[in-house]
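J.: Below: one structure in structure tokens.
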Amino acid sequence: MDRDYRGLRNGSDIRGVALAGVEGEEVNLTPEAARRLAQGFVAWLSERCGRPATELTVAVGRDPRLSGADLLAAFEEGALELGVRLVDCGLATTPAMFMTCVLEGFEADGSCMVTASHLPWNRNGLKFFSRDGGLEKEDIGWIVEAAGSDARLAALPRAEGAVERRDVLGPYAAHLRSIIQAHVGGERPLEGLSICVDAGNGSAGFYATDVLEPLGADVSASQFLEPDGSFPNHMPNPENAEAMASVSARVRERGCDLGVIFDTDVDRASAVDAAGNEINRNAIIALAGALVAETHPGTTVVTDSVTSDELHEFLEGELGLRHLRYQRGYRNVINKMCELNDEGVDCQLAIETSGHAAFLENYALDDGSYLATRIIVKAAKLAREGRTISDLLAGLSEPAESEEVRMGIAGEGFRATGDRVLADLDAWVRGEGAALAAARGMELEVVEPNYEGIRVAVSGDVRGWFLLRKSLHDPLMPLNVESSAEGGCAAIRALLREALAGEEGLDVSGL
């Protein structure tokens, strides 16, 4: 019987509910779905490579989620039915699974990571790679349609595949160690540095024990290194306030030189300085920008749409870089980086405020462990000069206030509703809203060019900006507001309440 797996599509990933237990959520990512999606992926990869499945090598790994082992086993079963050579990597990270396509000794044609990143314990998903990098949403659509069709799966040639079980984190750790040694020098270049690694009970524990400790770093302050898919301590998510507060407190308590924190599957990272100050969101972009500015002066940095004006001024004014504020979605910023380079525009970094950072030199791959490695290389060099990572960010200002309001959209046609709301708000800002704002001592100006939603600069008695956009996947309209002075966000929200109050289907109660 044909299956409809379209509900599992989440941009360029597969995401779903894998375990029962949360009220109102039905399981839709079952082992059977994983088995069929594996066959859809192998069919896609065979067509992409121009070779039969029996001549393909596919690697698969997982994070420690409670449903991960069962979904990986089902994926393995489906792929082996088509005759592939399968490399089962067990516990892994998303960047390491891509690296199976390029690391010597693996040379996979494609790979899959069983993960749902930072989502709750009962969720899971699949991320796919070819040697060209992560798949696009159109590729995921192809795989989902194939996986749901009995006729298409039945038409695939059957053969007996073979499986090999191999550790990938060991070779990947060796690769990261070699980067630090090459750039800092010596066999134990991190001697004398105390670094706290917070793995959040995800897949990142290896980074402390297999990357940093063998190079001489004191990692004794590290926390939550043991994989545990119930995530008992805090969500493994650098955007989570509780997670960041936890690692910051640990750095202060233990007197560390630096802290790094990863999400579950280690494709995102943020940092903490020696004083326990969080280096995330705008600050992690600023730090990554400072790293590329040293070797590629004047290069372009692509970010998502919600970055602050202060960050823009730091990147362009302080660092002399070019800043392109683009769209939310890690694939969007990475693709834009690749597009610019194809056009002859030097672009070395694509990074979201979430901590997804892709360096062109690292296969344009969003890799939290690589970002952390670049930061630690710089920290080790600065330590020899009596300086710290914080010195690189001395010129970065932060907004006084930053808020996000997520407004729900009722009804099935939420995308059309979102388009209508954006058009109405644009007309309001350029028309009657300008007069209403002026009466309150504010001036409004639509920011152009703008690649997502509508961004409006606010000046006068209140200085800041707001951005209203559609969610990438959900019936929501996120509103981001920043102000350079306390009370500014409230004043901007009050103005927007009047602008949006009459929009049918939009829940403005949070304003």
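J.: I'd like the residue in the stretch 343-369 that is surrounded by fewer than 24 Cβ atoms within 10 Å (Cβ to Cβ) and in a helix (DSSP H, G or I) and, out of all such residues, is farthest from the chain's Cα centre (by Cα).
T.: E361
J.: Restricting to the stretch 27-50, name every residue that is more than 19 Å from G141 (Cα to Cα), surrounded by fewer than 17 Cβ atoms within 10 Å (Cβ to Cβ) and touching a residue at least 24 places away in the same chain (Cβ under 8 Å).
T.: none
J.: Suppose we filter the stretch 334-365 for residues that are β-branched (V, I, T) and closer than 13 Å to A288 by Cα; how many remain?
T.: Step one: of the stretch 334-365, the residues β-branched (V, I, T) are 334, 345, 351, 353.
When the remaining residues are screened for being closer than 13 Å to A288 by Cα, the result is 351, 353.
So the answer is 2.
J.: Does at least one position in the stretch 454-473 carry a residue that is closer than 30 Å to L319 by Cβ, buried (at least 20 other Cβ atoms within 10 Å of the Cβ), touching a Gly at 6+ places or on another chain (Cβ under 6 Å) and among the basic types (K, R)?
T.: yes
J.: Restricting to the stretch 141-199, give me the number of residues that are within 25 Å of C256 (Cα to Cα), part of a helix (DSSP H, G or I) and of a type in the set (A, V, I, L, M).
T.: Within the stretch 141-199, residues that are within 25 Å of C256 (Cα to Cα), part of a helix (DSSP H, G or I) and of a type in the set (A, V, I, L, M) number 7.
One line per residue, one yes/no per condition, for (1) over 29 Å from the mean Cα position of the chain (by Cα); (2) modelled with pLDDT of 95 or more; (3) within 30 Å of A290 (Cα to Cα); (4) crowded, with 20+ Cβ neighbours inside 10 Å:
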{"residue": "A410", "(1), (2), (3), (4)": "no, no, no, no"}
{"residue": "F414", "(1), (2), (3), (4)": "no, no, no, no"}
{"residue": "D424", "(1), (2), (3), (4)": "yes, yes, no, no"}
{"residue": "R430", "(1), (2), (3), (4)": "yes, yes, no, no"}
{"residue": "Y451", "(1), (2), (3), (4)": "no, yes, yes, no"}
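J.: Of all residues being touching a Pro at 6+ places or on another chain (Cβ under 9 Å) and modelled with pLDDT under 95 in the stretch 94-140, which is farthest from R268 (Cα to Cα)? Just the residue, please.
T.: G105
J.: Here's another thing I want to ask about it. Please tell me if L436 is part of a loop (DSSP other than H, G, I, E, B) and either modelled with pLDDT of 95 or more or not polar (S, T, N, Q) (or both).
T.: No.
J.: Criterion first (in contact with a Pro (Cβ under 8 Å, 6 or more places away or on another chain), touching a residue at least 40 places away in the same chain (Cβ under 8 Å) and among the hydroxyl-bearing types (S, T, Y)) does S305 satisfy it?
T.: On the way: in contact with a Pro (Cβ under 8 Å, 6 or more places away or on another chain): no; touching a residue at least 40 places away in the same chain (Cβ under 8 Å): yes; among the hydroxyl-bearing types (S, T, Y): yes.
No; evaluated as a whole, the condition is false for this residue.
Okay, residues lined up against (1) more than 30 Å from N332 (Cβ to Cβ); (2) modelled with pLDDT of 95 or more; (3) out of contact with any helix residue (DSSP H, G or I) (no Cβ under 9 Å at 6 or more places or on another chain); (4) of a type outside the set (G, A, S):
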position: Y5; (1), (2), (3), (4): no, yes, no, yes
position: A34; (1), (2), (3), (4): no, yes, no, no
position: A43; (1), (2), (3), (4): no, yes, no, no
position: R62; (1), (2), (3), (4): no, yes, no, yes
position: A73; (1), (2), (3), (4): yes, yes, no, no
position: E77; (1), (2), (3), (4): yes, yes, no, yes
position: L82; (1), (2), (3), (4): yes, yes, no, yes
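J.: If you don't mind, there's one more thing I want to ask. Search the stretch 370-408 for residues being part of a loop (DSSP other than H, G, I, E, B) and either among the basic types (K, R) or without any contact (Cβ under 8 Å) to a residue 60 or more places away in the chain (or both), and hand back the single one that is nearest to R268 (Cα to Cα).
T.: Across the stretch 370-408, the extreme among qualifying residues is A394.
Here is a yes/no grid of residues against (1) surrounded by fewer than 22 Cβ atoms within 10 Å (Cβ to Cβ); (2) within 19 Å of A204 (Cα to Cα):
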residue	(1), (2)
C256	no, yes
I261	no, yes
T264	no, yes
S270	no, yes
D273	no, no
G298	yes, no
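J.: Can you name the residue in the stretch 306-324 that is of a type in the set (A, V, I, L, M) and in a helix (DSSP H, G or I) and, of all such residues, is nearest to L392 (Cα to Cα)?
T.: Of the stretch 306-324, the ones of a type in the set (A, V, I, L, M) are 306, 311, 315, 319, 321, 324.
With the extra rule that they be in a helix (DSSP H, G or I), the set shrinks to 311, 315.
Numbers: L311: 13, L315: 12 Å.
The selected residue is L315.
The values are calculated or read from the model by the stated rules, or taken from the named source; none is laboratory data. It should be emphasised that the depicted structure is a prediction, and the values quoted were computed from it without experimental measurement. Reconstructed Cβ throughout: ideal geometry from the backbone, glycine too, with neighbour counts over all protein chains shown.
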